[in-house]
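Only one structure is covered here, and it is reproduced in the block below.
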Amino acid sequence: RLRFSMGNWNHTTDAIHPNRTTEYTYTEYVIPMEVANQIPNTRIGTMTVTLFTYSDSGAASQIGSADSKTFLVILPDNSDTKPKVSMMLSPVGALPSAFAGLYIQGLTKVKATLSAEGKYGASIASYMMKVDGVFHDLDDAYTSRYLADAGRKTVYGYATDYRGHTGENIQTIDVIPYSIPKLDGASAVRCDENGNPNESGTYLKISAKRIYSPVVVAGVQKNFCAIQYKYLSDGVTWSNWATLLDPKNIGSDEVVTGPLLGGLLEPKKTYVVHLMAIDSIGRYAESFITIPTEKIYMHRDGARNSIGLGKYNTRDNAVDSDWDFYMNNHRIT
C-alpha cells in the first residue's frame, strides 16, 4: 500500500499487486484538489508518501519497515484555483437626483464594490479595479478618476489570494457624452423703445445662443439649459436673475430680446450685464458685458473732480476715457 499525506489530509491506496520482483513504477494515483486546503496561503506544499509491504494479498501482515519519501506538490494556476470575483459598479459624482445612476462624461467616476471567494481554503489578500488602463486599489476606494471620454468602457475587477492566484470579473458601462454649456454670440447694447441699437438708448437689448448637451437616456432628454441675465447699475448691487430663454423651450437655442428694462437706463451711467447659460446639472457659461454711457466729446464733473473723454465720467478723481491713448504712435496701456 502507499499512503499519501499532507497536513491533516491523508489517503492510503488499496493493495497493489505488481506481480514482479524487479523495479516497478506506480502511476495510478492522481492527487485530488482537496489537498490544496492544507496549503491555503501558498502554492507549494510538501507531501509524504509511505510504502507499506505485506506478506499476504489481503495486506493484513506487514513485513519489514515502512519506507517514506517527500516531494513537492505545486498547485496549478487555472480557473479551478483562481478566486471567484463578484463586482458591483456604481457612479460617483455630485449630481442632481435626476441624473442618479448615470455615468456622464467628465462629471462622474465609477466605483467598484468587490468581494471574492477563495478556492480550497485560500483567503483573499487584495482587490483591484482597472478602468481606462489605470489600476485603483483600497487607497482609491476602488474608484476611478473622472471618466474623461464618452462611450462604452470595460471595467475589470480583480481579487488576489494569498497563494498569488488572481481572479477577475469583467463588466461594461456606458458613459453619456457631456460638455459644459457655452454662450455664443452674446451681446448686450443700448437700444430705443423700438429695439433699434442706439448709443443714447434707455432700453437694453440682449442676444445670445446656448450650446449644451441634452443628455438623452432611453430616448428621454434629461438635461436642459436656460439663458439668464442680471445687471449692475451702481457698481455695488445686482438685480435679480431674469430668464431670457426657458430651459424647457427646446425649439430654438438662440434668443434676441426686444427692448428691456422699460427705459430705465440712464444715458450718463455705465451698466454691467451678467449673462449666463446654466443647465440642469448646474454647470454654466457666463459673460460680463459693459454697457457704456452715451457717447459725448468731453464731460467735466466738478462734484467728482473728474473728466470723461468720449463718454460721461463715472469715476471719482480720474480721467475716465472711452478712447485709446497714444504717444509717438504707440498705444499707452
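The values are calculated or read from the model by the stated rules, or taken from the named source; none is laboratory data. What you are looking at is a predicted structure, and each value in this text was computed from that prediction instead of being measured. Cβ: placed from backbone, ideal geometry, glycine included. Neighbour counts: every protein chain shown. Surface areas here come from the heavy atoms of the whole protein model, side chains and all, with no ligands, DNA or RNA. Shrake-Rupley method; radii C 1.70, N 1.55, O 1.52, S 1.80 Å.
Taking 1.567 mPa s as the viscosity and 4 °C as the temperature, the Stokes-Einstein diffusion coefficient of segment 192-257 based on its alpha-carbon Kirkwood radius rounds to 91 µm²/s. Highest average first, the peptides 264-277, 26-39, 93-106 ordered by how many other beta carbon atoms sit within 10 Å of their residues are 264-277, 93-106, 26-39. Model label points for Leu138 and Lys268, set 7 angstrom from Cα along the Cα-to-Cβ axis, are 7.4 nm apart. With both labels modelled 7 Å from their Cα along Cα-to-Cβ, the Ser207 to Asp174 distance reads 3.9 nm. Listed values for segment 28-38 are Karplus-derived 3J(HN,Hα) couplings in whole Hz (6.51 cos²θ - 1.76 cosθ + 1.60, θ = phi - 60°), namely 8, 10, 10, 5, x, 5, 4, 4, 4, 4, 7, and x replaces Gly and Pro.
For segment 223-333, the share of DSSP beta bridges that are antiparallel, to the nearest 5, is 90%.
Taking R0 as 35 Å, what FRET efficiency do you get between Val236 and Met327 from their Cβ-Cβ distance, rounded to the nearest 0.05? Let's see the in-between values first.
Values: r = 35 Å, r/R0 = 1.00.
E(calc), rounded to 0.05, equals 0.50.
Could you give the distance between the Cα centres of segment 8-82 and segment 244-288, to the whole Å? The distance from the Cα centre of segment 8-82 to that of segment 244-288 comes to 86 Å.
According to the Kirkwood expression over distinct Cα-Cα pairs, how big is the hydrodynamic radius of segment 163-234, in Å? Let's see the in-between values first.
On the way: mean 1/r = 0.0587 Å⁻¹.
It works out to 17.0 Å.
The residues of the chain have, on average, 58 Å² of accessible surface per residue, using a 1.4 Å probe with all protein chains present.
Here Leu72 and Arg145 are evaluated by their C-beta separation; at R0 = 35 Å the FRET efficiency comes out at 0.20. Here the chain has 48 percent of its accessible surface on carbon and sulfur atoms, given a 1.4 Å probe and all protein chains in place.
Between Ala100 and Met298, what length in nm is gained on full extension when 0.36 nm per residue of separation is reduced by their alpha carbon distance? Walk me through the numbers before you get to the answer.
Working: separation 198, 0.36 × 198 = 71.28 nm, distance 5.91 nm.
This chain segment gains 65.4 nm when fully extended.
For Ile104, the residues 5 or more places off, or on other chains, whose built amide H falls under 5 Å of its own are Ile176.
Viscosity 1.306 mPa s, temperature 10 °C: Stokes-Einstein D of segment 104-148 from its Kirkwood Cα radius, in µm² per second? All intermediate terms of the calculation are to be shown ahead of the outcome.
Working: Rh = 11.8 Å.
For the chosen part, D equals 135 µm²/s.
In terms of its Cα atoms, segment 164-298 spans 84, 36, 24 Å along the principal axes, sorted from long to short.
Please report the antiparallel percentage of the DSSP beta bridges confined to the chain, to the nearest 5. Let's see the in-between values first.
Details: 89 of 94 bridges.
Antiparallel bridges: around 95 percent, rounded to the nearest 5.
With each label modelled as a point 7 angstrom along the Cα→C-beta vector, the Ala15-Ser90 pair spans 6.5 nm.
Lysine pair count for segment 222-304 with Cα-Cα distance under 27 Å and sequence separation of 8 or more or different chains is 8.
Normalised radius of gyration (Cα atoms, divided by 2.2 N^0.38 Å) for segment 55-161: 1.91.
Which value, in Å to one decimal place, does the Kirkwood hydrodynamic radius take for segment 102-242 when every pair of different Cα atoms is included? Display every interim value, and only then the final one.
Values: mean 1/r = 0.0502 Å⁻¹.
About 19.9 Å, per the Kirkwood formula over Cα pairs.
Viscosity 1.567 mPa s, temperature 4 °C: what is the translational diffusion coefficient of segment 171-213 from Stokes-Einstein with a Kirkwood Rh over Cα pairs, rounded to a whole number of µm²/s? Present the calculation step by step, with values, prior to reporting the outcome.
On the way: Rh = 13.1 Å.
My calculation gives 99 µm²/s for D.
Taking 27 Å as the straight-line reach from the Cα of Lys119, the lysines in range (excluding those fewer than 8 positions away in the same chain) are Lys82, Lys84, Lys111, Lys130. For segment 131-137, 3J(HN,Hα) computed residue by residue from phi via the Karplus equation (6.51, -1.76, 1.60; θ = phi - 60°) reads 8, 6, x, 10, 8, 9, 10 Hz, glycine and proline entered as x.
For Cα Rg over 2.2 N^0.38 Å, the value computed from the atomic coordinates appears in the list (1) 2.02; (2) 1.07; (3) 1.21 under label (1). As a ratio to 2.2 N^0.38 Å, the alpha-carbon radius of gyration computed for segment 1-130 takes the value 1.86. Can you give the FRET efficiency to the nearest 0.05 for Thr46 and Ser123, using r as the Cβ-Cβ distance and R₀ = 22 Å? In this case the efficiency is close to 0.60. Between Ile307 and Tyr24, residue separation times 0.36 nm minus the direct Cα-Cα distance comes to 90.1 nm.
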